[in-house]
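A short write-up of the structure that comes next.
What follows draws every value from the coordinates through simple rules; no lab data is involved. All values derive from a computational prediction rather than experimental measurement. Ideal geometry is used to build each Cβ from the backbone, glycine not excepted, and the neighbour counts take in all protein chains shown.
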Amino acid sequence: MAEAVLTAEHIAKAFGAHKVLSDVRFCIGADEIVGLLGPNGSGKSTLLNIVSGFSRPDAGEILFLGKSLAGMPSHKIARHGLVRTFQLPSMPHRMTVREVLRAGSRDGAGLLNSFTGKGSEDANADELIEQFALAPVAHLPASSLSGGQKKLLSIAVALRTRPKLLCLDEPTAGVHPQLRGRMVELLKAFNKRGVAMLVVEHDMHFIRELCGRCIVLDRGEIIADCAPRELTENERVVEAYLGKSVARQKVSA
Ligand SMILES: Nc1ncnc2c1ncn2[C@@H]1O[C@H](COP(=O)(O)OP(=O)(O)OP(=O)(O)O)[C@@H](O)[C@H]1O
């Protein structure tokens with residue numbers, strides 16, 4: 001693993017009496033794509049919210065590129081290069097897909113170019129439109145896109161900011177299966193160019209294709225940190241998804 005881009009130290013979070021995360025600890029190397037898995041309600045989105053500054057932990061700390069993110073608002077965290085997407089992305093009503101992509105860049109150069117004329121930033125936005133199969137809808141209001149297309153646009157917008165760490169919340173939900181394979185290729189290509197990734201996802205095929213490592217949460221605790229191919233051999237993981245008795249049969253078979 002290359003130097004850590006993100007370190008989560010002893011993260012805990014509760015909503016009232018409901019403990020959602022307990023002593024969660026992990027690192028992500030600058031060259032990694034890490035899957036964040038777990039059954040429904042295991043705490044994945046809560047952890048992603050904490051990592052990206054949309055929620056505060058009750059205890060513990062997130063370090064990004066060696067610096068604490070404690071108290072930093074999400075927009076500042078994004079400006080530092082830690083960007084996330086959402087399960088249900090919302091899009092502006094009055095901007096087309098092309099305008100949304102041209103406007104978004106971490107240093108604001110894209111926004112400037114969208115007023116002053118085409119530059120290399122616009123070329124970069126147009127390239128993303130092609131790569132994410134958004135050319136046929138580039139002229140439409142971003143808010144009018146289908147759920148899957150909004151998902152693709154939100155990932156393209158996040159990549160447009162040239163992040164160091166991209167956190168993706170269920171990137172394939174609503175996306176056509178053919179495009180999922182393309183998404184794997186694209187995300188791997190961006191990873192090779194220096195974008196580390198943390199990916200919450202239920203599609204195990206997608207995870208196996210994309211991720212070098214997986215962290216599995218169950219009831220707010222990390223129960224596995226391993227290569228995707230090792231998941232089906234891990235009794236705690238099988239138990240978390242299928243129940244204890246099935247797990248024993250499966251792992252001893
Ligand atoms: N704002 C909140 N207030 C109260 N409880 C919450 C809040 N956010 C999350 N929870 C609870 O925390 C637990 C974990 O939720 P979370 O959304 O993190 O799970 P998840 O692993 O992302 O689930 P899924 O795979 O279904 O999206 C759930 O029991 C949920 O009800």
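Using Cβ counts within 10 Å as a stand-in for footprinting exposure, how do Met91, Met183 rank, fewest first? The partial results should precede the final answer.
Values: Met91 17, Met183 24.
Lowest to highest Cβ neighbour count: Met91, Met183.
What full-extension length gain, to one decimal in nm, is calculated for Arg79 and Glu235 as 0.36 nm per residue of separation minus the Cα-Cα distance?
Details: separation 156, 0.36 × 156 = 56.16 nm, distance 4.04 nm.
This chain segment gains 52.1 nm when fully extended.
If I take every Cα pair under 8 Å that is 6 or more residues apart in the chain, average their sequence separation and divide by the length, what percent do I get for the relative contact order?
So the answer I get is 24 percent.
For Leu63 paired with Ala14, estimate the spin-label separation in nm (one decimal), with each label point 7 Å from Cα along the Cα-to-Cβ line.
Using points 7 Å along Cα→Cβ, the separation is 2.7 nm.
Please work out how much length the chain gains when fully extended from Arg56 to Ala173, using 0.36 nm per residue of separation minus the C-alpha to C-alpha distance, in nm with one decimal.
Here the segment from Arg56 to Ala173 would lengthen by 39.5 nm.
So how many Å³ per residue does the convex hull of the Cα atoms of the chain work out to?
131 Å³
Quick one: net charge around Lys19, please, counting Lys, Arg +1 and Asp, Glu -1 for every other residue with C-beta under 14 Å from its C-beta.
Net charge in that neighbourhood comes out at -2.
Count the DSSP beta bridges whose two residues both fall in the chain, then state the antiparallel fraction as a percent rounded to the nearest 5.
55 percent
I need the fraction of alpha carbon pairs in the range 121-253 separated by more than 22 Å, rounded to a whole percent.
For the range 121-253, the share of Cα pairs beyond 22 Å comes to 45 percent.
Output needed for the range 1-111: three equivalent-ellipsoid semi-axes, defined as square roots of 5 times the C-alpha gyration tensor eigenvalues, in descending order, whole Å.
27, 18, 14
What is the calculated FRET efficiency for Glu127 to Asn40, with r their C-beta to C-beta distance and R₀ = 25 Å, to the nearest 0.05?
Efficiency for this residue pair is about 0.10.
Starting from the Cα of Glu209, step 7 Å toward the Cβ, then list every residue of the range 179-199 with an amide N under 17 Å from that point.
179-192, 199
Within 12 Å, Cβ to Cβ, of Leu63, how many net charges do the neighbouring residues add up to if Lys/Arg are +1 and Asp/Glu are -1?
-1
Using alpha carbons only, how many angstrom separate the centre of the range 1-71 from the centre of the range 129-188?
Here the two parts' Cα centres lie 24 Å apart.
If the limit is 20 Å between Cα atoms, which of Lys151/Lys192; Lys164/Lys188; Lys76/Lys164; Lys44/Lys151 go over it?
Values: Lys151/Lys192 22 Å; Lys164/Lys188 14 Å; Lys76/Lys164 14 Å; Lys44/Lys151 18 Å.
In this structure, Lys151/Lys192 lie more than 20 Å apart at Cα.
Do the sum for the chain: with -39,500 (n - 2.57) for every DSSP H run of n ≥ 4, divided by all residues, what is the mean residue ellipticity at 222 nm, to the nearest 500 deg cm²/dmol?
-11000 deg cm²/dmol
Net charge around Glu185, counting only other residues with Cβ within less than 14 Å of its Cβ (Lys, Arg = +1; Asp, Glu = -1)?
+3
List the aspartates and glutamates whose Cα lies under 16 Å from the Cα of Lys67, skipping any in the same chain that are fewer than 8 positions away.
Here the aspartates and glutamates satisfying the reach criterion relative to Lys67 are Glu3, Glu9.
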